[in-house]
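Working notes, structure below.
The values are calculated or read from the model by the stated rules, or taken from the named source; none is laboratory data. Bear in mind the structure is a predicted one, so any value in this text is a computation, not a measurement. FYI the Cβ positions are ideal-geometry reconstructions off the backbone, even for glycines, and counts take in every protein chain you see. Only protein heavy atoms, including side chains, enter the accessible area calculation; ligands, DNA and RNA are left aside. Shrake-Rupley method; radii C 1.70, N 1.55, O 1.52, S 1.80 Å.
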Amino acid sequence: AGESSSELPSGSMLPEMVQQIHRQLQADWSLPFVVCSTEDEHIVIRVELSALDAAPGLVAYMNAFARSNHVVNAYRLRRTVEDWNVTPGDGHLYFTLQPPWVRSTSTETFYSLHPEQRAWGPRRQVAASDTSSISLSTTSGRGEELPLGT
């Protein structure tokens, strides 16, 4: 399952994906990896930071793994950029993969990477003397034009 190029991966394959990724990582590394799925159906790979002292190059390996591993490619998994190579302070390093049926918007990713951009503010300050030239209006539910700021 998941190996056929005509078969699109689905949520029912998630346990199989987790098992195959775990097997592949264990075959390549002697690290205590935990691979699991989340409530929103992402696949999370976790490893203890204390174990990494003896395993330099894991991040480079994981980047190559996400690009070219046969399991990742067979299931059409993508790196979740905002949750890739993350150390949230709990003593672990995390890598997250997103299956093709899970959708996220580019704005979610952007705001995760740039939370300071979420702040809404006026692009341009309008001086009080300039407001006489601004005419704002909208329509009511009945199609009537309603003036704003008069």
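Every test in (1) surrounded by fewer than 14 Cβ atoms within 10 Å (Cβ to Cβ); (2) in a helix (DSSP H, G or I); (3) at pLDDT 55 or above; (4) not aliphatic (A, V, I, L, M) is passed by Asn63 save one, and that test is (1).
Within the set Leu58, Leu14, the sole residue that is in contact with an Asp or Glu (Cβ under 9 Å, 6 or more places away or on another chain), at pLDDT 90 or above and open to solvent by less than 40 Å² (accessible area, probe 1.4 Å) turns out to be Leu14.
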